[in-house]
Amino acid sequence: MQCLEFRQLKLTDPYVNDQDANEHRDVCAACRAFEREIRDLDATTKEALSVDVPEGFAAKILLNQALQPQPRRPTRSTWLSMAASFFALAVGSIAYLQLSHAPMEVSVLEHIEHEQVITDRKLEPAHIQQVMYSVDAESSALPGEIIYASNCIIDGELVAHLVVRDEDRELTLVLIPHNPINGAIAIETGDWHGVIQPHATGSMAILSRSELANIQGTAAQYGRAIRKRTI
């Protein structure tokens, strides 16, 4: 079993007990980490959706409604108060969602630092295509040679993680669907150099271990080469 097959299986059922998958997981550190991330996400989702209802709570609500006097027609001030409460709740919910994840650049850098990238395997075109299709992207003329391609999880979202050997440099590309940004985010750390930019699929990170002489030109080149899937 290959990494992509393992990850697709775990996305379908995080707890599936498959002999081939188990054997692959035992020898692949990256897929072991992927399985942990998927199971953690599944547990978090289940916890968020499980709400304990006290015994007899429904009966108490019905009794309370029966004892209430006939409600009057809502006044204009009542509607305004309700609207204000709803607006405050909405703003608070948006703020919570924004603060619940680390900034995109931090999440991307943490992921590529810990992902075990294996570049000594021959990648089949169908494998690369499937990785891109999984995030609604495609490319027919990507500059350089793709030497690593995998679907991963970043902040609970499925992404495509690619490594491209282009002449004498290696570039790491991360396609992040469903999380568009308004403008480019420059990345300059001791280990990584590059940019996260808006893209037709959502957002795209273009990063390198070495400094890029023309990062804007490189980002534009790969931004054009990878497009939103049309079929």
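Every read-out reported here was derived from the displayed coordinates using simple, explicitly stated rules and does not represent laboratory data. Keep in mind the model is a prediction, meaning the values are calculated, not measured. Glycine gets a Cβ as well: all are built from the backbone with ideal geometry, and neighbour counts include every protein chain shown.
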Restricting to Cα pairs below 8 Å that are 6+ residues apart, what does the relative contact order work out to for segment 3-47? Please round to a whole percent.
44
Proxy reagent accessibility, fewest Cβ within 10 Å first, across L207, L11, L212:
L11, L212, L207
Can you return the aspartates and glutamates within cross-link range of K46? Criterion is Cα-Cα under 19 Å, with same-chain partners fewer than 8 residues away left out.
D13, E35, E37, D155, E157
Between R224 and A186, what length in nm is gained on full extension when 0.36 nm per residue of separation is reduced by their alpha carbon distance?
11.8 nm
Rel. contact order, % - alpha carbon contacts under 8 angstrom, at least six apart, segment 90-231
20
How large is Rg/Rh for segment 104-228, to two decimals, with Cα atoms and a Kirkwood Rh?
0.91
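Suppose the chain between E5 and A200 were pulled fully straight at 0.36 nm per residue; how much longer would it get relative to their current alpha carbon spacing? Display every interim value, and only then the final one.
Working: separation 195, 0.36 × 195 = 70.20 nm, distance 2.63 nm.
Residue separation times 0.36 nm, minus the Cα-Cα distance, leaves 67.6 nm.
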List the aspartates and glutamates whose Cα lies under 12 Å from the Cα of K228, skipping any in the same chain that are fewer than 8 positions away.
D136, E138
Using a cut-off of 13 Å between beta-carbons, work out the net charge of the residues near F34 (Lys and Arg +1, Asp and Glu -1, F34 not included).
0
In straight Cα distance, which aspartates and glutamates are under 12 Å from K122, not counting same-chain residues fewer than 8 positions off?
E145
Taking the alpha-carbon centroid of each part, what is the distance from segment 4-39 to segment 162-231 in angstrom?
28
